[in-house]
1. Using a 7 Å offset from Cα along Cα-Cβ at R303, what residues in region 351-374 end up with backbone N under 12 Å from the label point?
2. May I ask which residue of P374, L421, W433 lies farthest towards the positive end of the charge dipole of region 370-443, with charges of +1 (Lys, Arg) and -1 (Asp, Glu) on Cβ and the Cα centre as origin?
3. Starting from the Cα gyration tensor of region 257-321, take the square roots of the eigenvalues, sort them a ≥ b ≥ c, and report rounded, prolate or oblate (rounded when a/c is under 1.5, otherwise prolate if a/b is larger than b/c, else oblate).
4. If you roll a 1.4 angstrom probe over the protein chains with everything in place, what fraction of the accessible area of the chain belongs to carbon and sulfur, to the nearest %?
5. Label points 7 Å out from Cα along the Cβ direction at T410 and L65: separation in nm?
6. List, in order, the whole-Hz ³J(HN,Hα) value for each residue of region 412-419 obtained from phi through the Karplus relation with A = 6.51, B = -1.76, C = 1.60 and θ = phi - 60°; use x for Gly and Pro.
7. So how do L115, L343, L276 rank on accessible area, 1.4 Å probe, biggest first, that is with the largest at the start?
8. Probe of 1.4 angstrom, ligands and nucleic acids ignored: what's the accessible area per residue over region 160-262, in square angstrom?
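The values are calculated or read from the model by the stated rules, or taken from the named source; none is laboratory data. Predicted, not measured: the structure shown is a model, and the values here were computed from it. Heads up, the Cβs are rebuilt from the backbone with ideal geometry, glycines too, and the neighbour counts pull from every protein chain shown. Heads up: the accessible areas ignore ligands, DNA and RNA and are worked out on the full protein's heavy atoms, side chains in. Shrake-Rupley method; radii C 1.70, N 1.55, O 1.52, S 1.80 Å.
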Amino acid sequence: MGEGTSHQKGVFMGLFSVRELDEYPTGARRMKILTMAVLAVLIGSYEAQIAPVVPLLLKDLDMSLATYGAVSGAAAVSGAVASALGGRLTDRVGRVRLLVPLMLVTALCCFAMTLVHSPRDLLIARIALAFVDGVAMASTAPLVRDFSPRLGRAQAFGFWSWGPVGANLLASAVAGWTLPVFGDSWRSQFVIMGCFSLVISLVIAFNIADLSPELRARIQHSEHDAAHVVDLTRPSRVRSLFADRAIWAHVVGISLWLVLFLTLTLFGQVMLVDSLGMSAAQASTVMAAFWSLNLLTLIVFGRVSDRTRTRKPFALGGTVAAVLVTAYLAHALGGGDVPTGTLMIAGALLGGSLGVAYAPWMANYSEDAEDVDPRLQGTAWGLFGFLTKAIAVVGLLVIPRVVEATSWQTWLLVCLGCLVLFIPAVFFFNGPWRRPATGVAGVTSVPVEAD
């Protein structure tokens, strides 16, 4: 019967037709669609990158760092609201119907950045881009869920997590290669970004697909094994998510866990330079070690979590290891001179520990939300996107003030406390602690006819 049948439906503005699959895709076809979803995360994250040109931007617009911080905070608020809104919309109108046209709009927003000539212009442009990008990217995590059966979901979310890190590397590399060619014009980077995003968005548009509402409403254990758990005549209700104890444990727990992660993302190099007198290059080397092992463990332990069909042991074990390393680093920040090699090892261990916990946690959150109602994946991940951006806003506003009044060591101890509080939350998540002896834990499965 082939790899799947589809029927054609229109997309906003009639630009493309969305392939809506009536049978679950298998093999290379499923992997291609999953790859498109991960690529969309990379491009969406790349479009939000501005760090490589900030020094040039500040000088050209005669703008203070404080003003730039306020602009960034406003954009983050816009993105947080957009993530929550986009999550609900993607459940209602479909993933691809939302993602494809809005990715094209974000490419146009990149070109619009070249029209910025004042801090006010920058504020408007960044708020607009953050909002459109936030709504668009809210479709990507649900797409990863849709096209990754439970037996491969943690590894799939590990690759999804590569997007923001890969975007940092891509933006820095492109700026390093091309800024000298264009006379250090910061506008050149947004032209390149817009062109690159436009081309990749078209590639994604012609290679991605949506599952039909009927397929999205069931739990897929493997490519050929699914469970029908939802009465489609009954409307999905958002309040059912918040009536579930496990969802609250996830929401509160990951909010605390992300405090350390986002602190290192936003201020990692600054913390090392200010506390230990390291050079910017040395601090970047330490953070490179952090990200390198983090990227590796996201995939490796995501795969191990899938093979053992357990999530909670990895979320717990990785977090406990991160607590120990964070405690050492907090001590080191107050202890004066620490060899760069030692900090690199500690940084790598911290990044690796967080990676061990993160991909299995994402799979666990997805599965727990799925068990409540598979039709609410977008809503659940929209909530996660809102939390991520909201904590980033709080970090931008609170961290500098706390550090100014006390020290980076004090703030790292706050992060340590938040990480410790994540540990009891794990015990409220659903799912087994040991590999199931037979079958698939959770819901009764109904075999699906092979394509």
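1. none
2. Final value for the positive-end residue is W433.
3. On the way: a/c = 3.73, a/b = 2.30, b/c = 1.62.
Because a/c hits 1.5 or more and a/b exceeds b/c, region 257-321 counts as prolate.
4. Details: 12510 of 18550 Å².
Looking at the chain in its full context, I get 67 percent from C and S.
5. 2.0 nm
6. Per-residue couplings from phi come out as 5, 5, 4, 4, 4, x, 5, 5 Hz.
7. On the way: L115 125, L343 5, L276 35 Å².
My answer, sorted largest first, is L115, L276, L343.
8. Values: 4590 Å² over 103 residues.
Per residue, region 160-262 has an accessible area of 45 Å².
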